[in-house]
Amino acid sequence: MRHKLLQQRFGLMWLGYLVAIFAWYASVKWLPISSFQRLPDPLTVVIEWFNPDPDYGLSVFTVDYYLHIWYSTYRATASFLLAVILGVPLGIMMGWRARVNEYASALLSILRPIPPLAWVPVAILIFPGSEPAVIFVTFLVAFFATTMNTLLGVRSIDSDYFRAAECLGAKPVDILRDIIIPGALPSIFTGLQIAMGAAWFSLVAGEMIAAQYGLGFMILESYNLVQYPTIVIMMVTLGIVGYVSSALIRVVGNRLMRWREQAIGLAEN
Amino acid sequence: MPDTMTVTSQVLEPAADSSLGHLSVRQVNKIYDPHGVHVEALQDCSLEIPAGDFIAVVGPSGCGKSTLLNILAGFDNLTGGQVLLDDEPLATVDHPPRPGPDRVVVFQNGALFPWKTVLQNVVYGLLVQNRMTEPEANEMGMELLAKTGNLDRIAHSYPGQLSSGMQRRVEILRALINNPRILLLDEPFRAMDTVSKTTMHRHLLDIYDQYHKTVFFITHDLDEAIFLADTVVVMTTRPGTIKLRLDVDLPRPRTRETLTSHRFLELKQQAVNAVHEEAKKAFERGERELA
Amino acid sequence: MGQAVSMPGKPSRWRRIKWRGAVSVITFFVLWHAAVVLKLAGFAELPTPIQTLATFFAEYLASPDYWGSWVVSFERVLYGFIIAQILGIPLGLLFGTSPKFRDMFFPVFELLRPIPPLAWVPVSILFWPTNESSIVFITFVGAFFVIVINVFDGVGSIQKEHLWLARSLGATRMTIFRRIMLPSVIPSIAVGMTLGIAITWNVVIAAEMIASDSGLGRMTWEGYVSSTPEVVLIGMISIGLAGYLSSLAVDWLESRMMPWRERR
């Protein structure tokens with residue numbers, strides 16, 4: 001019975017995809033509205049995407065395609081890692097020691113409302129070249145998300161755990177290793193997924209504004225060069241890469257937090 | 001200040017009685033000042049607890065029993081008076097107490113580390129105090145788990161997979177393995193149903209009969225208090241002080257028959273009257289829970 | 001929180017917090033000023049905080065063009081945000097209440113969600129007849145996905161007991177929907193709005209930098225292009241301020257929607 005239910009849901013999913021693609025195709029080809037007719041249709045996109053000799057130079061068979069993916073991925077990863085290396089420790093210290101929080105939160109709450117992309121021009125002025133500038137802006141977004149979620153995670157740890165550890169003779173180092181990090185880990189990973197999404201978001205904008213190479217850059221460029229199917233190819237690629245990176249983080253998180261799975265499993269029983 | 005490290009370096013052993021864990025609470029005051037509102041949680045609270053005694057503290061909500069436990073455990077300091085442990089100062093106004101493995105706490109809502117297995121939880125204190133190597137600690141942990149009702153079979157489970165009764169038992173062992181001078185229990189069975197509670201009482205008494213640690217047990221359940229303890233102390237409503245001290249002269253080991261014995265009911269009558277008086281006062285004052 | 005209860009006798013916390021926070025903020029501005037004056041790498045072309053402030057008061061405070069940019073950006077944020085709520089909340093409810101609909105179309109939704117809003121810029125420009133509508137569309141995309149997800153989550157976390165109670169009391173599906181579901185998802189809507197407004201501002205600024213000739217984002221970018229860094233900084237600060245004000249507005253809205261919630 002359960003098997004049938006899963007099959008049915010699976011079937012519905014593909015039906016949904018088909019409906020969506022068909023609607024896209026139909027609206028581009030058959031609707032007498034000029035707005036729609038300017039868009040590329042799914043068939044053209046797919047043909048171009050898997051074309052060994054693409055009309056516009058980018059498909060799964062061309063090196064350039066992977067070059068752009070590489071540039072974007074490298075930038076996203078670099079900013080993300082930087083944000084984690086700086087943001088997690090800062091978030092932990094802010095959540096754990098009130099003093100640190102007092103110093104840091106005022107400054108952060110002034111900087112935080114500024115949309116990260118507003119930093120792009122300043123970043124270009126300060127950093128030598130557009131590459132570091134783009135990475136900086138992307139880093140900034142991921143950094144805020146990571147720090148805030150880590151901070152929240154530490155704060156949400158039940159104080160009884162701290163007290164129990166202290167009774168048992170734990171020193172601050174032990175508390176950091178045995179209580180704070182495992183206790184905040186769920187929130188940290190939620191924050192990391194958000195940070196990853198935010199990083200991609202920022203990165204694409206940064207690339208559009210100020211870069212050469214990369215998926216974001218290519219999307220705008222294809223528009224400028226009137227290579228419309230390529231726009232969609234890049235968009236879809238972006239979606240896939242973004243999804244995979246978030247999924248990776250989720251998988252790593254689940255492995256580190258096996259104890260959660262087991263507890264939840266029991267609850268479902 | 002007692003040197004907690006050297007005293008607790010001795011290994012946990014069964015004992016018929018105890019020479020350590022004599023607590024002297026002398027005229028303790030505790031005043032809170034949150035947002036400028038003056039709150040006197042404890043006032044002139046005095047209590048002598050002989051080593052190896054099982055003492056239960058009861059009283060209306062907000063009477064300061066948890067405050068007293070926090071001071072004994074080292075999470076908070078008093079604002080007047082002093083507490084001595086084995087004739088050495090534990091807490092004075094100038095020297096705040098610090099938490100330590102000679103006075104381990106078992107918490108109301110359970111504080112087993114969810115991300116560690118049962119065994120890892122139990123041996124945590126031993127490892128973090130650098131008392132022995134990991135293999136030694138694990139061996140000792142498994143032994144203790146096995147001895148106390150075959151708990152070794154859940155040694156590698158996570159707390160989230162256990163019932164609350166099991167969790168509580170593991171938490172008590174986690175405290176006990178450190179050979180503390182005092183075991184502090186803050187309403188540990190509060191959230192449990194009657195059947196589980198009865199089982200837990202049995203387990204706790206077994207441990208007490210075997211190791212004879214000084215036990216400081218907070219509860220609001222009078223039956224539980226009289227059934228478990230050698231001494232029952234009733235606290236007044238805020239500001240908290242000792243209203244009544246009952247010597248529970250029921251024979252050990254305590255059995256189901258004890259619960260319905262004549263002497264049990266006599267003691268309970270005295271305690272009920274005392275608690276009821278205080279509860280009425282608190283109610284009339286419209287107290288909110290302090291804790 | 002993990003720290004021992006505070007000892008009696010220390011000075012009130014409020015004074016302490018402001019003091020330390022002020023120290024870091026002031027240090028930040030001092031470092032900025034120093035970096036410019038000392039001509040540290042990259043900072044040589046930037047104005048000092050004081051210069052920025054001076055330029056602002058001299059040329060921008062009274063300039064109608066400046067405030068015009070505010071209005072333009074705010075309008076875009078408003079339209080995009082509101083349309084996202086109007087379309088997004090019902091969609092979230094639909095996903096949450098109809099398993100068939102969810103099984104069919106949620107995967108499509110999830111496939112589109114990771115695509116950053118700005119990636120839609122060219123498609124948007126192609127599709128929409130006017131520049132303005134294409135920018136509003138992108139703003140919409142940003143807030144739309146967030147609100148749908150939050151509402152969907154919100155429906156999922158409605159306590160089953162409430163639904164069962166209503167049904168056992170004989171309520172029709174319509175009544176259950178109006179009287180239980182809608183009020184229960186209000187907190188999720190609030191969260192979606194709070195997140196959405198921040199994203200919306202981000203998106204508007206970038207969209208303006210890329211594809212528009214008006215608004216605060218454009219103004220900031222033009223400061224860069226025309227080598228007047230003071231404008232860049234003034235733009236940034238204005239944008240930050242505007243974003244902050246919008247968040248305040250959403251917070252206010254939230255407190256009206258949920259009067260039973262405690263003040264933070």
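Data table
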read-out: Chain A: most fluctuating residue of A:G11, A:G239, A:G91 per GNM, C-alpha cutoff 10 Å; value: A:G11
read-out: Rounded to 5, percent antiparallel among DSSP beta bridges of the protein assembly as shown; value: 55 percent
read-out: Separation of the A:D53 and C:S184 label points, Cα + 7 Å toward Cβ, nm; value: 6.1 nm
read-out: Lys/Arg +1, Asp/Glu -1 at C-beta; the protein assembly as shown dipole; positive extreme among A:T44, B:L112, B:G141; value: A:T44
read-out: 14 Å reach of a label modelled at A:V63, 7 Å along Cα-to-Cβ, counting backbone N of the stretch A:241-255; value: none
read-out: Those lysines that a straight Cα-Cα span of less than 26 Å connects to B:K147, excepting residues fewer than 8 apart in one chain; value: B:K116, B:K197, B:K213
read-out: Fluctuation leader among B:T219, B:T260, B:T148 - chain B, Gaussian network, Cα springs under 10 angstrom; value: B:T260
read-out: Averaged over C:193-200, number of beta-carbon atoms from partner chains that fall within 10 Å; value: 1
read-out: Expected-Rg normalisation [2.2 N^0.38 Å, Cα atoms] applied to chain B; value: 0.99
read-out: Qualifying aspartates and glutamates (Cα of each under 18 Å from Cα of C:K100; at least 8 residues distant if same chain); value: C:E110, C:D153
read-out: Hz values of 3J(HN,Hα) by residue in the stretch C:225-238 - Karplus curve (6.51, -1.76, 1.60), Gly and Pro given as x; value: 4, 8, 6, 10, x, 4, 4, 4, 5, 4, x, 4, 5, 4
read-out: Semi-axis lengths (Å, descending) of the ellipsoid that matches the C-alpha gyration tensor of chain A; value: 42, 28, 15
read-out: Cβ-placed point charges (K, R +1; D, E -1), dipole of chain A about Cα centre in debye, nearest 20; value: 760 debye
read-out: Label point distance in nm, A:V226-C:V37, each placed 7 Å from Cα along Cα→Cβ; value: 5.7 nm
read-out: Distant-in-sequence amide H partners of B:G81 (H built 1.01 Å from N, under 5 Å); value: B:N29
read-out: Segments B:122-132, A:37-47, C:192-202 sorted - mean Cβ within 10 Å per residue, highest first; value: C:192-202, B:122-132, A:37-47
read-out: Alpha carbon centroid spacing (whole Å) that separates the stretch C:77-152 from the stretch C:178-199; value: 16 Å
read-out: GNM flexibility winner over chain A from A:W119, A:W30, A:W70 (Cα, springs under 10 Å); value: A:W30
read-out: Packing-based ranking, highest mean first, of B:96-103, B:85-92, C:204-211, A:56-63 given that Cβ atoms within 10 Å are counted; value: C:204-211, B:96-103, B:85-92, A:56-63
read-out: Exercise: per-residue mean of other protein chain Cβ atoms within 10 Å, A:28-36; value: 1
read-out: ³J(HN,Hα) computed for each position of the stretch A:37-45 - Karplus, 6.51 cos²θ - 1.76 cosθ + 1.60, integer Hz, glycine/proline x; value: 5, 6, 6, x, 9, x, 4, 4, 4
read-out: Reachable lysines from B:K281, criterion Cα separation under 25 angstrom, eight or more residues apart if same chain; value: B:K30, B:K65, B:K243, B:K268
read-out: Calculated [θ] (222 nm, deg cm²/dmol) that DSSP helices of n ≥ 4 give over the protein assembly as shown, each run adding -39,500 (n - 2.57); value: -20500 deg cm²/dmol
read-out: Degrees between helix C:99-112 axis and first principal axis of chain C (Cα, 0 to 90, nearest 10); value: 20 degrees
read-out: 10 Å Cβ neighbours from other chains, averaged over peptide A:38-50; value: 1
read-out: Vicinal HN-Hα couplings computed from phi for the stretch C:76-89 (Karplus, 6.51 cos²θ - 1.76 cosθ + 1.60; Hz; Gly/Pro x); value: 4, 4, 4, 4, x, 4, 5, 4, 4, 5, 4, 8, x, 4
read-out: Between the stretch A:49-107 and the stretch B:28-48, the alpha-carbon center distance in angstrom; value: 53 Å
read-out: Packing-based order for C:135-145, B:168-178, using average beta carbon neighbours within 10 Å, highest first; value: C:135-145, B:168-178
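Every number here is computed from the coordinates shown, using simple stated rules; none is lab data. Since the model is a prediction, treat every value here as computed from it, not as a measurement. Methodologically, a virtual Cβ is constructed for each residue, glycine included, from the backbone with ideal geometry; neighbour enumeration extends over all protein chains shown.
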